[in-house]
Amino acid sequence: MIAVSSVSGKPMAVQRGRESLATEICVIVSQRLPDSQGLTLRLLCAGLAILVGWVVHPTWAEEPPGRASSRPAAFSWDDGLRPEWRSERFSLRFGGKAMGDVGWADASGVEGPGAALEDRSESRRLRPFVSGSVADRLDFKLEGEFAGPGTRWMDLYLRLRDPRDTLSLTAGHFKEPFGLEQLTSSADTTFLERALPDAFTPGRSVGAMVHGEWLDRRATWSLGLFRSLNGETCFPDGRGGEASAVTGRATWLAWRSEETNDLVHLGASYSFRSLRDDARYRQRPEVQFAGYVTDTGRFAADATHLLGTEAAWVRGPLSLQGEYLAACADRPEDTNAFLHGFYVQGSYFLTGESRPYDGKTGVFTGLKPRRPFPTKGVGAWEIATRYSFLDLGASGLPETARQVQDFTVGLNWYLNPNLRLGWNYVRSWIDGADLSGAADLFVFRVQLAF
C-alpha cells in the first residue's frame, strides 16, 4: 500500500469558541440560500455548519494524553484510489462517480406513436461527494449531481451511531429503506441500469430514520418518517408523487458461510404514503437514453401502499437475485389501482471473485478484483443475464400505462476498484393498446468511482 502523508503539526490558533463560529456560519448560510430551497435545506446546512465549527476548534486537533501525534493520509492506493484525511477524532473522505454512456437502438419492430428510439451518448452520472466522521460516532455526507439539467443534492445527511455501532439515527436527504437493488449503489449494481420494477421504489426523500443490526450482523432493520418533494427544490423530484411516508425494511441472512462469502439473503420492505398531490408511475426500458415506454400519467389518489420482497443467493462466483415489487393506490373516485412487477437475475465471475455483501446494511457493495489491472493481472470479468416484468395497466388509467418485459445480457470488466467497463444488450417487449412490439437496445458505459 502506497500512502502520501501530510506533515502534521499544531493548527493555527482560533480566536473564537466553537459556539460563536458555528453561529456565524449558520447566519451566512441562511443569508445566502434562496427561499426556494426551503426550510429543510437551511436546517441541514446549519447542522453541517455546527459540525464544521465543532471540528475546527483546537481541542479536536489535540492528541489524547500519552498518544503520539498521527500523520493523516491525504491519498492512498491499495490497488485503487482512495482520497482520505484522518486524525484521531476526525476523518474526511473525498470521492465520487462519473459514468458516460453510448447507446444504440433499433425500434423497427415497435408499432405506434412515439415508437422511434434514437442512438445517443450522454453523461449518465457525475456525482462528487464529501463524507466524514467525528469521534467515530457522528457521520456526515454531501453528494451532488452535476449530470443532466441543473445541479441537485443527492445525499445530504447526518448520522449518529451508538457506541456499539449497532443502532444509528440518520436525518437529512437520503434513500428511503426500500428494495435491495435500489439501496445498492449505482456504481455496484450488476447491470448498468436497475430493473423495470424499480419504478415503484421511493428513492431519496427528506426525513429521519432509525436503523440497526443484530444477530452478529445477520439481520438488519430500518424504519423512518419521510417527505418526498416535487417542484422547484434543489433535490430530485420524489417518485410516485409528493407524499408524507412511513417506510421500513428488514433483512435476514438465512445462511452464511464463515469461511467464504456464500450466503442466502431474504428481505421485505413496506411504505405507506399519504399523497399531497396526484400519483404517477413510469419507466424506461432499462436504458437511460430511451424515453418512457410506460406511464400512468398523473391520477388522483389519497394514498399508496408499496410492498417489496427480495432474495439473493451467492455461492462462490455464482449469484442469483430477485425481487417482487407492487403498488396499490387508494383512489377516491375509482377502483383502486394495483400495479406490480418483478425481476430475476444471475451472474458469474469468470475470474473467480464473489459478490461482496455488507451485513451491516443488508446490501451488496463494490467489488475489489483479485488481480487488478494493470498492476497484477487482468482485473475481474463478469457475465450476467436478467428477466424483468412491469405492469402499470389498471382500470381507469390511460393507454400509455403499458405492460413491459425486458431480457438483458451483460458483460462487466472491473479493471480495478475504481474503473469499470460495462456492456448491456436489452430486448424490450412493449404491450399496449396504442404501442406494441419489440426493440433492441445496446449500451456501453465507462465508469470511474472512488
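The values are calculated or read from the model by the stated rules, or taken from the named source; none is laboratory data. Just so we're clear, the structure is a prediction, and the values are computed from it rather than from any experiment. Please note: Cβ atoms are built from the backbone with ideal geometry, for glycine as well, and neighbour counts cover all protein chains shown.
I need the strands (runs of 3 or more DSSP E) fully contained in the stretch 385-450, keeping only those with at least 3 residues that are more than 30 Å from Ala98 (Cβ to Cβ). Working first, answer last.
Details: elements: 403-414, 419-431, 436-449.
The strands (runs of 3 or more DSSP E) meeting that bar are 419-431, 436-449.
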Task: Members of the stretch 349-393 that are among the aliphatic types (A, V, I, L, M) and in contact with a Pro (Cβ under 8 Å, 6 or more places away or on another chain) - done: Leu350, Leu367, Ala380, Leu390
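Given the criterion assigned by TED's automatic domain parsing to the domain that holds Arg276 and under 24 Å from Ala439 (Cα atoms), identify the matching residue among Asp391, Asp358, Asp330, Asp302.
Values: Asp358 fails: under 24 Å from Ala439 (Cα atoms); Asp330 fails: under 24 Å from Ala439 (Cα atoms); Asp302 fails: under 24 Å from Ala439 (Cα atoms).
Only one candidate passes the filter, namely Asp391.
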TODO: Determine which single condition Gly144 fails, assuming it passes every other condition in (1) under 23 Å from the mean Cα position of the chain (by Cα); (2) under 20 Å from Ser87 (Cβ atoms); (3) not acidic (Asp, Glu).
DONE: (2)
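Based on this model, can you work out whether Gly109 counts as surrounded by fewer than 20 Cβ atoms within 10 Å (Cβ to Cβ), out of contact with any strand residue (DSSP E or B) (no Cβ under 8 Å at 6 or more places or on another chain), over 19 Å from Thr189 (Cα atoms) and modelled with pLDDT under 95? First the steps, then the outcome.
Working: surrounded by fewer than 20 Cβ atoms within 10 Å (Cβ to Cβ): yes; out of contact with any strand residue (DSSP E or B) (no Cβ under 8 Å at 6 or more places or on another chain): no; over 19 Å from Thr189 (Cα atoms): yes; modelled with pLDDT under 95: yes.
Here the answer is no, as Gly109 does not meet what is asked.
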Open item on the list: Taking the criterion of being under 23 Å from the mean Cα position of the chain (by Cα), within 15 Å of Ala268 (Cβ to Cβ) and either charged (D, E, K, R) or in a loop (DSSP other than H, G, I, E, B) (or both), would at least one residue in the stretch 292-311 satisfy it?
Closed with: yes
TODO: Residue by residue through the stretch 223-257, note down the ones that are touching a Gly at 6+ places or on another chain (Cβ under 8 Å), polar (S, T, N, Q) and farther than 30 Å from Phe299 by Cα.
DONE: Thr251
- [ ] Hey, could you check the stretch 272-329 for residues that are more than 22 Å from Trp429 (Cα to Cα) and hydroxyl-bearing (Ser, Thr, Tyr) and say which is surrounded by the most Cβ atoms within 10 Å (Cβ to Cβ)?
- [x] Thr304
